[in-house]
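Let me begin by presenting the structure, written as C-alpha cells, before commenting on it.
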Amino acid sequence: MKFLECDSPYKLEMKRMEIARKLIGYQLRPPQVAITTFTNQKKLRLIWNEMHKSSPPKGLQPHSCAGLLKKRDMRDVATFIAIFRSIIPKNSLNPEGSFRKTSIENLIDAYEIYLTMFEKKSQVLEFQTCFYLIRDIRYDIATIATCGTCKCEFLETANDKAFWGCPFCN
Ligand SMILES: [Zn+2]
C-alpha cells in the first residue's frame, strides 16, 4: 500500500517508523510490515519482541483474506468495508474514491473507528484480517457486491471461493 505524499525525507522516515510500530502493535507480522513500510525486518522483529514480550509467529503468511474468514465474520467484514469506504478521501488524486488509491494510513484509521464500535475486543476482526481484506479488494482477488434488497455492500468472492451472499439478508 502506498503512503500519502510527504514533504521531506526526514518526516517520511519518522512517519514510516510510526506506522511500522502501529502495525506491529496490531500484530501484523514483520515480513508484511517490512514490505508495507520499507523497513528492515530485523528491526521490526526487535520492536515486536519489545512490544509483545514474545517472538513473532513463524510459519506461512496468509495468501488472501479467504482463509482467515468464516461465515460468522461476514457482517463484520461488511461493516468494515462500509467504514473504510466512508473514510476514503475524495480528492484530485482519487476523485472516484477508489479502494485502489488508498493508503495504509486509511486502513489504520478505518480499523481504529471499527474498534470503537465494540466493547468486547475479543469478538472483533483482527487487524491482519482487515489488512488482507482491503489488499485483496485492491488487487481484485476479492470483489465487493451490493445487495439488491438492503443495498449494503458485502464481500462476494475471494480466490474463486463463493461466499455466502448478503450477511444482513441471509
Ligand atoms: Zn442485504
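Coordinate-derived values only; no laboratory data. Predicted model, so just to flag it, every value in this text is computed and none were measured. Virtual Cβ from ideal backbone geometry, glycine too; neighbours counted across all protein chains shown.
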ask   = With the chain treated as a Gaussian network of Cα nodes joined by springs under 10 Å, which of LYS42, LYS22, LYS58 yields the largest mean-square fluctuation?
value = LYS58
inquiry  = Just want the ordering: ARG16, ARG100, from fewest to most Cβ atoms lying within 10 Å of their own Cβ.
reply    = ARG100, ARG16
query = Got a sec? How would MET117, MET74, MET17 order by Cβ neighbour count within 10 Å, fewest to most?
reply = MET117, MET17, MET74
task = Rounded to the nearest 0.05, what FRET efficiency do THR149 and ILE113 give with R0 = 41 Å and r taken as the Cβ-Cβ distance? Could you check?
result = 0.95
ask   = Which of rounded, prolate, oblate describes the range 9-52, given a ≥ b ≥ c as roots of the alpha-carbon gyration tensor eigenvalues and a/c under 1.5 marking rounded, otherwise prolate only if a/b is larger than b/c?
value = prolate
key: Cα-based helix-to-principal-axis angle, 41-52 vs the chain, degrees rounded to 10   = 80 degrees
message = Please give the charge dipole size of the chain, origin at the Cα centre, charges +1 on K and R Cβ atoms and -1 on D and E Cβ atoms. Round to the nearest 20 debye.
response = 480 debye
request  = Using the number of other C-beta atoms within 10 angstrom as an exposure proxy, rank SER86, SER122 with the fewest first.
outcome  = SER122, SER86
